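Below is one structure, written out as C-alpha cells; the observations come after it.
The values are calculated or read from the model by the stated rules, or taken from the named source; none is laboratory data. None of the values given here were measured: they were computed from a predicted structure. Here the Cβ positions follow ideal geometry from the backbone for every residue, glycine too, while neighbour counts run over all protein chains shown.
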Amino acid sequence: MSSIQIRNVTKRFGDFTAVDDLTLEIEEGEFAALLGPSGCGKTTTMNMIAGIEDVTEGSILFDEQELSGTRIQDRNIGFVFQNYAIFTHLSVYKNLSYGLEVKKVAQGEIERRVKAMADRMSISHRLDQPAASLSVNEMQKLAIGRSAIVEPRIFLLDEPLSNLDAGFRAYMRAELKVLQHEFGQTMIYVTHDQIEAMSLADKIAIIDEGKLMQYGTPLDIYNSPDNRFVAHFIGSPRMNLIDGELSQEKDQLKLRANDGAEIKLQGQVKSDFASDGKVQRGSFGIRPQDIYFGKQRSDSDMKMDGTVEVLERVGPKRLAYLQVSETRFIAFDDQDQLKVGDTVPFYLPSAKSMAFDLTSGRRLGGAAK
Amino acid sequence: MSAIEIRNVVKNYPNFTLGPISMSVEQGEFFGIFGPPSTGKTSILKLILGLLQPDEGEVLLSGQDSVEMGVAERDISMVFQNLALFPHMNGRENIIFPLKERGVSEAEISKQLDFVSGVLHVGHILEKNPAQMSGGERQRIALGRAFAATSRAMLLDEPIAALDARLREEMRVELKRLQRENNQTFVYVSHDEEEVMAVSDRVAVVADGKIAQIGTPDDVYSRPNSMAVAEVIGSPPMNFFQGKLSSDGKFFEGDKIDERFPLKGKTKAGGTATLGVRPEDIWLGAKDGDFGLDLVINSVEPLGGYTILNAQLDEQIVKIRAPGQVDVPERSQQRVTFDQRRIHLFDEDGIRV
Amino acid sequence: MSDKSANTPTKDGYWAKVAQDGNKMGFWFVLPTVLLLLFIVVFPLFMQLYLSVTWWTPLEGIPWYMAWEVFSWGENYWYQLTDPRMWGALWRTVLIMIVAVPAQFFLGMALAYLFLEQFPGRKMFYSIMLTPMMIVPAVVGLMFYLLFQGTGPVNAHLGLPSNFSWLTDVHRAMISVIIADIWQWTPLMFLILLAGMLGVPSDQLLAARLLGGSNWQNFLKIIIPRMKTVIIIALVLRAVECFKIFDLVYIMTKGGPGVQTETISIFLYKLTFAELEWAYVAAIGLTILFVLSVVAAKGLSYMAKKDT
C-alpha cells in the first residue's frame, strides 16, 4: 500500500475553482475521509487522485512519486463508484475476474482468488449468475470485491453506502472497517454523511468550497473544531450556533443574536471572545447535549429562558427546540418532562461553549476542551 | 368521528396483497406511515385520495363512505414524492392552481397566497420557474400548493426524501410547526425511520402488506409488539439473540450465551424465543446483580456525542451504544451488562411475549 | 384506468368511449396506415404469387387476371433451380455482399471508436462523415462511373495508363462496384455503431480502466459485448440491402462487361424489361423474399435471445 501526498492542488473548470490549494498527507494504511457538503470538491479531488481528472496546479504523489503522466490503467487503484458501475452484461464471476484477466493471470490462480473473494464478501452463491440480477446490497459487495481482488495500493470509495437502506448501511459500515483492517490498504472515502465519516475514518478532511477546513481524527475535530464551519458540520444533532454582535457594557460582554436572543457571556467563553479585540461579530457554539435544565451547576454557566416549540423523538432520546425571541436552541429533554408550550429556564455551561469569529469563522481562544 | 378511517381494506396486486388494513387518523393529527420501500405505503395514500379503489373494505372520510366520491370532491391535498410541479408555470401560478380550479374568488386567492408564502418563506421565489429553483425551494412551492387549498387533510409521500441532510432537518421542523399552527391533519409516508419517528404524533408501521403496529413513537419504540416492528424501528437496529425459554418460564437461554438470563416476572414456559435488546440498553462494565456478558470489541465508532461499539458474539455482531466518548481499545474483551428493564422477548412467531 | 368509479361521468356514444380508451384510439389511428400497407404491399404480393404459378407474359395477349389460362404450377420455380444465369447472378450478389458488408462493418466500427471521445472539430467531421450516405445512389453511381474511367482521376493518381480499365475489365468491374458500395454505406454503419457504442455506460468503461484494462481489452470485453444487438441490426440491415444492390451497378457497369457484374436485381431488371418474362421474375422474386426473410428472422431471433 502507498501513502498519498496532495500538495497545493488546485482544480479549475473555466472560471469555477472546484479545489483551491489543497494540501493533505495521508499515511500508508490510513483510512481517510473526505467530508463536505455536495459540490464542495471532494469528488473532484478523488477523481484527480485516480487520474480521471487532471490537476490544474500543484501535484499529487504516491509514495513521493509524481503521478501526472501516469495513465489511469497504470495507477493500480481500487475505485468503488457511488452507483457501483458493475459490468451488467457479465456474470458475478467475470466481474470479479476482470482485473485479473487483463493482467493475464493464470486461469487456475484466477479461479482460486475469485472464489476466495466471493467467500469473503458472502456472495459465493451468486457466482454464476448475471451481475445485473443482484440486489443493491449484493452489488455493493461485488463492487468492493472486484476492486479489492487486484490488491491495489490505494482504495478510493465515492459515497459507496448512499444507495443502501439504513439497516444495511449500518451493517456495511462495520464490514468496511473490518475489511480495511484485513486488506490493510490506504483508503480514501468520500461522503457527505458525517456519521459515516466519524464512524469509519482514522482521519477526516473537512472540505468546503474547495478548501480544506480541518484535518484530524474524528474526536479531535469533534472536540476542538478549528472554525465555525467544522463545528456546525460535525455532530449529530448539530451544534447550536448563535450568530450576532458583541457588545461591551462596563463589565458585561454580551452577544446579541441577529434574531433576538441575548447571551450574557461568562467564564471561559467570555475570555475567548474577548481574546481578540478586533472581533465584533461572533458566533456562540454549544452542543445540544451540553445544554441542561433544572438547577444551575456553576456560577459561570449562563442562564436563558425559552419556550418549547417542538419536541422530536430521535431514537431513545427527545430533542427539544427552545425558542428565545426568534432564536432557536436545540437541547436534549433528558428527563422527558417537557411539553410543547412550556417556558423553561435552561443553562449553557461556559466550559463547554465555543467562541467563533463570525467574519472569518476562526475559533477564538481555543483552549483545548 | 375520525377525519380519515380505513376499515378492513384489501387491495390486490399481481405479486402482492395489501391488507386487510385498518387505521384511523384523527382531526389535527400528524400521522406517520413507515415501512420499507415498495410495501404499499403509497397505495394507502392513493386509497385515501381516491386514485385507487379498495377491492374490499371501506375508506371513510369524516364518517362518510368515500366510494362514491371523486378525487376532487374529497377535499384532500397531496404532496407527491417527485413534487409534480407544473414546469410551465412559475411559483405563484403553481401555488394558486388548485384555488383557480375550484373557482375561488380573486380576493380569497390572494389572501391564501400571502398566508402561504409568509409561512413557507417563498415570497422571493414566486416569480421563478421550477427549473430555476433549488431542490429546497421546489419543495416549499409544492407544499405551498397543497396548503393553499385548505383541505380536510394533507397527504405527503416522502416529500423531503430528495433533499440533503441539513435541509431535511430544517423542513421537518417547519412541517411540524405548520401542521400544528393550522390544526391540519397530516398523513406522512416515509421509509426513513428517524424522520417518521421525529415528526409524528402517531405512527403506523407497515410490514408485509399489513399494519404491524399503530401507536405513538414512544409506544412503537419502547414496546414493539412484534419482531417485524422491533427490527425496523431504531438506528442502529435492535440486537436479537435466539434461544429458548426455560421450562419454568423464569430464564432465557440464549443459543450462544453461556449464562441463563433471568427474566423479571414469569412468562410462558418453554418454547423457542428471541431476546431483543437495544444498543443503548447495553452498558459497558459490570453491574452487580445484573446480567452480564464478556464480548470482544471489534471496532469502535466515535460519533462525538456517543459511541457505537461493534462486539462479536460468535458470528453475530452486537451493537452497543455508549454515551459520550469512551476509551475502549479495539480487539479487547469487555464486560457488558444488559438493562433488565428494557429487554424485549418475542416468541417463535415473532410476537411480543 | 378501468376503475369502478371513474371521476368524470362518461357520455354515452362510441366515440366518447374511444377517447378514453388508449387501445381503441390506437386502432383507429393506425387503420389508415394499415389500409395503405394492405393496398401497396399485400395486394401486389398476392398478385405476384398468382402470376408466379403461370406462364403469363404481357405478350400472351390476355389481361393479367386471366393468367389462370396459362397455369404452370411450379414450373417457374423448378426452372430457377437449373437456370445458370440465375445462379451466376446469385453468386455475384453474394460475393459483393460478403466482401462489402464486413468491410463497411470494420471501417464503421473503427470510425465509431474514434468518434467516441471528444476531439477538436468532431462536430464538423461528423457531418462530413455522413455525406456519402445522403447522396442519391444513382448519383453515387455516376460519380464512381466518372472516377473509374480509363482516363479518369483514379488512373491518373495511381499513375496507370488510360487503357487500364476498371469498369470494362472482367475482374476489376466487380472491384469498382464493391468500392463504391463501401464508400456509400460505411457512414450508415458508422452511425448505427456509434449510437450503440454511446449506449455503453461510460462509468463501466471507466471502472474497467481503473481495474487496469487497456483500451483494446476494454473494447473487446466491455464495448463489443454490450453492442451485440446493435451489431446484429447493422449487419442484417446492410446485408439485406446489399443483396438488393441495383442503382450503383446499373449506372456504373449496367451489369457488364457481359454479365460480370450482373447482380440479382440487374438480372431481374433485364428479365422484366428486355425479355418480358414476368411470371418467371415473379417466381424468383418470391423465392428471394422467402430466403432473405429466413435470414433476417434468424438474425433477429439471435438478437432476441441476447440481453444485457
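As a summary of the residue check, B:Leu167 satisfies the conditions (1) away from chain A (no Cβ under 14 Å); (2) out of contact with any Asp or Glu (no Cβ under 8 Å at 6 or more places or on another chain) except for the one numbered (1).
Annotation note: Cβ proximity below 6 Å between a residue of region A:76-89 that is farther than 23 Å from A:Arg169 by Cα and at the interface with chain C (Cβ under 7 Å from one of its Cβ atoms) and a residue that is crowded, with 19+ Cβ neighbours inside 10 Å and of a type in the set (D, E, K, R) (sequence gap 6+ or interchain) occurs for A:His89/C:Arg226.
Selection within region B:189-214: residues that are assigned to a loop (DSSP other than H, G, I, E, B) and modelled with pLDDT of 90 or more. The member of this set that is nearest to the other protein chains (Cβ to nearest Cβ) is B:Ser200. Say whether the condition of being part of a helix (DSSP H, G or I), touching a Leu at 6+ places or on another chain (Cβ under 8 Å) and under 30 Å from C:Tyr302 (Cα atoms) is met by at least one residue in region C:264-277. Scanning region C:264-277, I find at least one residue that is part of a helix (DSSP H, G or I), touching a Leu at 6+ places or on another chain (Cβ under 8 Å) and under 30 Å from C:Tyr302 (Cα atoms), so the answer is yes.
Quick one: which of B:Pro217, B:Pro279 is modelled with pLDDT of 80 or more and touching a helix residue (DSSP H, G or I) at 6+ places or on another chain (Cβ under 6 Å)?
On the way: B:Pro279 fails: touching a helix residue (DSSP H, G or I) at 6+ places or on another chain (Cβ under 6 Å).
The unique qualifying residue is B:Pro217.
Filtered by the rule that a residue be surrounded by 17 or more Cβ atoms within 10 Å (Cβ to Cβ) and either within 12 Å of another protein chain (Cβ to nearest Cβ) or in contact with a Ser or Thr (Cβ under 6 Å, 6 or more places away or on another chain) (or both), region A:59-71 gives a lone residue, A:Phe62. Of the strands (runs of 3 or more DSSP E) lying entirely inside region A:278-369, those containing at least 2 residues that are within 14 Å of chain B (Cβ to nearest Cβ) and closer than 22 Å to A:Gly267 by Cβ span A:281-286, A:327-332.
A count restricted to region C:112-167 and to residues that are in a helix (DSSP H, G or I) and of a type in the set (Val, Ile, Thr) stands at 5. The conditions of being away from chain A (no Cβ under 14 Å), of a type outside the set (D, E, K, R), assigned to a loop (DSSP other than H, G, I, E, B) and surrounded by fewer than 16 Cβ atoms within 10 Å (Cβ to Cβ) are not met by B:Gly249.
Identify, from the list B:Val326, B:Val296, B:Val318, the residue that is touching a Lys or Arg at 6+ places or on another chain (Cβ under 9 Å), more than 10 Å from every other protein chain (Cβ to nearest Cβ) and modelled with pLDDT of 85 or more.
On the way: B:Val326 fails: touching a Lys or Arg at 6+ places or on another chain (Cβ under 9 Å); B:Val318 fails: touching a Lys or Arg at 6+ places or on another chain (Cβ under 9 Å).
From the options B:Val326, B:Val296, B:Val318, the qualifying one is B:Val296.
The criterion of at least 3 residues that are within 17 Å of A:Gly78 (Cβ to Cβ), within 14 Å of chain C (Cβ to nearest Cβ) and under 33 Å from the mean Cα position of the chain (by Cα) is met, among helices (runs of 4 or more DSSP H) falling completely within region A:91-151, by A:92-101, A:136-148. Residue count for region B:134-155 under the criterion of being farther than 11 Å from B:Leu178 by Cβ and assigned to a strand (DSSP E or B): the result is 2.
How about region A:38-55: which of its residues are outside any helix (DSSP H, G or I), among the small types (Gly, Ala, Ser) and within 12 Å of another protein chain (Cβ to nearest Cβ)?
Of everything in region A:38-55, those that are outside any helix (DSSP H, G or I), among the small types (Gly, Ala, Ser) and within 12 Å of another protein chain (Cβ to nearest Cβ) turn out to be A:Ser38, A:Gly39, A:Gly51.
Could you check region C:1-55 and list, in sequence order, the residues that are modelled with pLDDT of 75 or more and among the small types (Gly, Ala, Ser)? Within region C:1-55, C:Gly26, C:Ser52 meet the criteria. For region A:184-234, a residue qualifies if it is in contact with a Phe, Trp or Tyr (Cβ under 8 Å, 6 or more places away or on another chain), surrounded by fewer than 22 Cβ atoms within 10 Å (Cβ to Cβ) and within 12 Å of another protein chain (Cβ to nearest Cβ), and exactly one does: A:Asp202.
Taking (1) more than 14 Å from every other protein chain (Cβ to nearest Cβ); (2) at pLDDT below 90; (3) buried (at least 22 other Cβ atoms within 10 Å of the Cβ) in turn, A:Ile242 satisfies each apart from (2).
Quick grid of which residues meet (1) at pLDDT 90 or above; (2) out of contact with any strand residue (DSSP E or B) (no Cβ under 8 Å at 6 or more places or on another chain); (3) closer than 24 Å to A:Arg12 by Cα:
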residue: A:Glu57; (1), (2), (3): yes, no, yes
residue: A:Glu66; (1), (2), (3): no, no, yes
residue: A:Gly69; (1), (2), (3): no, yes, yes
residue: A:Ser91; (1), (2), (3): yes, no, no
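For region C:84-118, give me each residue that is buried (at least 18 other Cβ atoms within 10 Å of the Cβ) and basic (Lys, Arg). Scanning region C:84-118 gives a single hit, C:Arg92. Scanning region A:138-174 for residues that are surrounded by fewer than 17 Cβ atoms within 10 Å (Cβ to Cβ) and closer than 25 Å to C:Gly212 by Cα yields a count of 1.
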